[in-house]
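Each remark here refers to the structure printed beneath this line.
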Amino acid sequence: MNAMLDIRNLANGYGGAEVISGISFSMAQGESVALLGRNGAGKTTLLHSLFNIGPPCSGEIRYKNQDITRQPTHRIARMGLALAPQGRGGFPDLRVRESLGLATLIPRGPAAHPCTIDDIYRRFPRLHERRHSLCANLSGGERQLLALARALLTRADLIVLDEPSEGLAPMAIRDMLQPELLKLRDQGYTVLLAEQNIDLALAVAGRAIILADRRIVFDGGVDELRQRPDIQKIHLGL
Ligand SMILES: Nc1ncnc2c1ncn2[C@@H]1O[C@H](COP(=O)(O)OP(=O)(O)O)[C@@H](O)[C@H]1O
Ligand SMILES: [Mg+2]
């Protein structure tokens, strides 16, 4: 299989205690995968392992047939992976325009998805309106658009989003976030989306992976997961 991302036997943890273990899965180009699991299941730890943030992982991570395991984070970014991190993040003292400008500084060769700041302003008129605002003054929804915009500006091929819906009002999720995530999928980006919001995940992803008890306990199509309330109840507490 010509996988874009191939994770084999990944494990990681803190202070000798494993949080994730024996994690193996692949993602094809253009695939949109939701990474689900309760709070503390290890979603962020898994995503951070891809970018070599935090404790070094064991196992193997291949991206476009190159071994990127424990490579320096800046090199991973340069190869075309982008992380929109969990939480409020960003640089509160910068203006939106400056924060976007920083994201353009990651040097990359020719990219499948070129993106300029003008493209971003067309794609997110809201960020254009807010370009002179301090990031600290953005609403939760605007902040998530900014995180996504910054990921797009690196001209990444694999976009990794860590719980973009966290802390957002249901209306902001429905009207601001969900349409943008659908757009990513329709435009052929490869997306790995960690979420606790199952409705959002099922609406925008084609496949779901559930983490529980350190392992992958489900890996299948979102249609299959929709029809498995038992799995949703046991592993996601719904
Ligand atoms: N920096 C850290 N130091 C120690 N334990 C951590 C750290 N980050 C996360 N953990 C623990 O690892 C587990 C998984 O956390 P995390 O990967 O953040 O889960 P999720 O993103 O699914 O909510 C939790 O039990 C959490 O308390
Ligand atoms: Mg997390």
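The values are calculated or read from the model by the stated rules, or taken from the named source; none is laboratory data. Predicted model, so just to flag it, every value in this text is computed and none were measured. FYI the Cβ positions are ideal-geometry reconstructions off the backbone, even for glycines, and counts take in every protein chain you see.
Here residue 34 clears all of (1) touching a strand residue (DSSP E or B) at 6+ places or on another chain (Cβ under 7 Å); (2) at pLDDT below 95; (3) within 16 Å of ligand 1 (Cβ to nearest atom) except the condition numbered (2). Checked against the criterion of being more than 16 Å from ligand 1 (Cβ to nearest atom), under 22 Å from residue 74 (Cα atoms) and part of a loop (DSSP other than H, G, I, E, B), segment 160-168 has no qualifying residue.
Candidates in segment 198-215 are the residues that are in contact with a strand residue (DSSP E or B) (Cβ under 6 Å, 6 or more places away or on another chain), assigned to a strand (DSSP E or B) and not basic (Lys, Arg); of these, the one that is surrounded by the fewest Cβ atoms within 10 Å (Cβ to Cβ) is 209.
Among the residues of segment 69-95, not one is under 13 Å from residue 155 (Cα atoms), in contact with a helix residue (DSSP H, G or I) (Cβ under 8 Å, 6 or more places away or on another chain) and assigned to a loop (DSSP other than H, G, I, E, B).
Only one of the numbered conditions (1) more than 16 Å from ligand 2 (Cβ to nearest atom); (2) buried (at least 18 other Cβ atoms within 10 Å of the Cβ); (3) under 25 Å from residue 213 (Cβ atoms) is violated by residue 42, and that is (1). If the condition is being away from ligand 1 (no atom under 16 Å from the Cβ) and surrounded by 15 or more Cβ atoms within 10 Å (Cβ to Cβ), then segment 74-85 contributes 76, 77, 78, 79, 80, 81, 82. Looking across segment 65-104, the residues that are acidic (Asp, Glu) and either farther than 22 Å from residue 168 by Cα or within 16 Å of the chain's Cα centre (by Cα) (or both) come down to 67, 98. Taken over segment 45-64, residues that are away from ligand 2 (no atom under 15 Å from the Cβ), buried (at least 20 other Cβ atoms within 10 Å of the Cβ) and within 17 Å of the chain's Cα centre (by Cα) amount to 2.
Please find, among 98, 180, the residue that is in contact with a helix residue (DSSP H, G or I) (Cβ under 8 Å, 6 or more places away or on another chain) and away from ligand 2 (no atom under 16 Å from the Cβ).
Working: 98 fails: in contact with a helix residue (DSSP H, G or I) (Cβ under 8 Å, 6 or more places away or on another chain).
On inspection, the qualifying residue turns out to be 180.
Within segment 11-39, the residues that satisfy the criterion of being more than 14 Å from the chain's Cα centre (by Cα), within 20 Å of residue 62 (Cβ to Cβ) and either among the polar types (S, T, N, Q) or within 16 Å of ligand 2 (Cβ to nearest atom) (or both) are 12, 20, 21, 23, 24, 26, 29.
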